[in-house]
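The values are calculated or read from the model by the stated rules, or taken from the named source; none is laboratory data. Only a predicted model underlies this, so the values are computations on that prediction, with no experimental measurement involved. Counting neighbours? That spans all protein chains shown, and the Cβs are built from the backbone with ideal geometry, glycine included. Side chains included, ligands, DNA and RNA excluded: accessible areas come from the protein's heavy atoms. Shrake-Rupley method; radii C 1.70, N 1.55, O 1.52, S 1.80 Å.
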Amino acid sequence: MKKELKIVPIKNGTVIDHITAGLALNVLKILKINTRTDAVLSVVMNVKSKLMGRKDIVKVEDRELKPEEVDKIALIAPNATINIIRDSEVVAKHKVYLPKSIEGIIRCANPNCISNAEREPVMSKFITVSENPPRFRCIFCGRIIEDVSRNL
Ligand SMILES: [Zn+2]
């Protein structure tokens, strides 16, 4: 019998698979899951993947991700797949979808950008300039954001 790494299945919740290797913790950050969470989490990093060489996997028990949360994951891990599990069955499978423009999620890295103004800041808006790796351009000042996890 071949030895394989078996990952304990969950009964209810969400499995985020095919995360770019090394980015699992950024996925948790984008979902606003921090060390004070009560959620039962499994984070697996750098497992072998036929498709990707190496990948990360995150499992969140008893929580089904909403579509807007799923799309946020695309901002950092464009190959990710989302499996929603109920009673140990996969009831839904999604690929993440990177929108052409992103409003209000990414913070502009330029402190002088109008979206960072102290008084009456306008909502940030970025255009996707590259999907993989993901890169975004601020429509107000043109600043390019490459590491989204630092600008959430
Ligand atoms: Zn800007």
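Split the accessible area of region 24-65 by element, probe 1.4 Å, and carbon with sulfur accounts for 49%. When shorter helices are ignored and each DSSP H run of at least 4 residues is given -39500 (n - 2.57), the per-residue value for the chain at 222 nm works out to -2500 deg cm²/dmol. Sorting K95, K59 on solvent-accessible area from highest to lowest, probe radius 1.4 Å, gives K95, K59.
For the pair K11 and K32 in one chain, pulling the backbone fully straight at 0.36 nm per residue adds 5.3 nm over the alpha carbon distance. Ordered from largest to smallest accessible area (heavy atoms of protein chains, 1.4 Å probe), the residues K29, K50 come out as K50, K29. Among R137, R119, R63, the largest mean-square fluctuation in a Gaussian network model of the chain (Cα springs under 10 Å) belongs to R119.
3J(HN,Hα) along region 101-113: 9, 10, 10, x, 9, 8, 8, 6, 7, 8, x, 8, 5 Hz, from the Karplus curve 6.51 cos²θ - 1.76 cosθ + 1.60 with θ = phi - 60°, whole Hz, x for Gly and Pro.
Averaged over its residues, the chain has an accessible area of 64 Å² per residue, based on protein heavy atoms and a 1.4 Å probe.
With a/c under 1.5 counting as rounded, go ahead and sort the chain into rounded, prolate or oblate using the C-alpha gyration tensor (a ≥ b ≥ c being the square roots of the eigenvalues; past the cut-off, prolate if a/b is larger than b/c, else oblate). Taking the square roots of the gyration eigenvalues as a ≥ b ≥ c, the chain is prolate.
3J(HN,Hα) couplings calculated from phi for region 61-70 with the Karplus curve 6.51 cos²θ - 1.76 cosθ + 1.60 (θ = phi - 60°) are, in sequence order, 7, 6, 9, 9, 5, 7, x, 5, 6, 4 Hz; Gly and Pro show x.
Of the residues H18, I85, L65, the one whose Cα sits farthest towards the positive end of the charge dipole of region 13-95 is H18 (charges of +1 on Lys and Arg Cβ, -1 on Asp and Glu Cβ, taken about the Cα centre). Taken about its Cα centre, the chain carries a charge dipole of about 480 debye when Lys and Arg each add +1 at the Cβ and Asp and Glu each add -1 at the Cβ. Simple spin-label estimate for E118 and V90 gives 5.1 nm between the two label positions (7 Å along the Cα-to-Cβ direction from each Cα). Computed from backbone phi with θ = phi - 60° and the Karplus coefficients 6.51, -1.76 and 1.60, the 3J(HN,Hα) list for region 36-53 is 8, 5, 8, 4, 7, 10, 10, 10, 10, 10, 6, 7, 5, 9, 4, 6, 10, x Hz; x is used for glycine and proline. One decimal place: the segment C141-L51 gains 28.7 nm when fully extended, by the rule 0.36 nm per residue minus the C-alpha distance.
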